[in-house]
1. In the range 78-128, what residues are among the charged types (D, E, K, R) and not in a loop (DSSP other than H, G, I, E, B)?
2. Considering every residue within the range 38-55, establish whether at least one is assigned to a loop (DSSP other than H, G, I, E, B), more than 18 Å from Ile141 (Cβ to Cβ) and within 13 Å of the chain's Cα centre (by Cα).
3. For the condition in contact with a helix residue (DSSP H, G or I) (Cβ under 9 Å, 6 or more places away or on another chain), open to solvent by less than 50 Å² (accessible area, probe 1.4 Å) and at negative phi, what is the one hit in Leu29, Leu44, Leu106?
4. Find all pairs meeting these conditions: Cβ atoms under 7 angstrom apart; at least six residues apart or on different chains; first residue within the range 54-83 and within 16 Å of Leu44 (Cβ to Cβ); second residue among the basic types (Lys, Arg) and at pLDDT 95 or above.
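The values are calculated or read from the model by the stated rules, or taken from the named source; none is laboratory data. As the structure is a prediction and not an experimental result, all values here were calculated from the model. All Cβ positions, glycine included, derive from the backbone under ideal geometry; neighbour counts span all protein chains shown. Ligands, DNA and RNA are excluded from the accessible area calculation, which covers all protein heavy atoms including side chains. Shrake-Rupley method; radii C 1.70, N 1.55, O 1.52, S 1.80 Å.
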Amino acid sequence: MSATTMEDRPAVDTSGFRMLHTMIRVLDLDKSIDFYTRLLGMNLMRRTDYESGRFTLAFVGYGEEKANTVIELTHNWDQAEPYTIGSGFGHLAIGVPDIYGTCEKLAAEGVKIPRPPGPMKHGGSVIAFIEDPDGYKIELIEKK
């Protein structure tokens, strides 16, 4: 499969398209909101309970939804067991200016860091992987 070029026009006009959000299911919504807001510095944009559907949606991110992609945290009220991550999901990625300092502070808060900060194996960026309360992987990439 090749990359799309200017000569390869999509079948529909995509000029008004943009990424809106990524949705992940979470077991403990309050714990997840705390992780993404207090520990990763995102803002809670909105939180809505859907009584008839027995679920809550909370949107977190670094900027207003009009111009930024955010994360939708979906909490199904009747879910008792942790979700399985599966083999299809990879990770979310967040750029940080000081990866070593960030990981030090997150570790002090009890955040799991399965891949400590350091250069990528095959060269390039300095990265680390952390886990949110549900075990979703988040890649931190140092961006100075």
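1. Glu104, Lys105, Arg115
2. no
3. Just one listed residue meets the conditions, Leu106.
4. From the range 54-83, the pairs are Thr56/Arg47; Ala58/Arg47; Phe59/Arg46; Thr74/Arg25.
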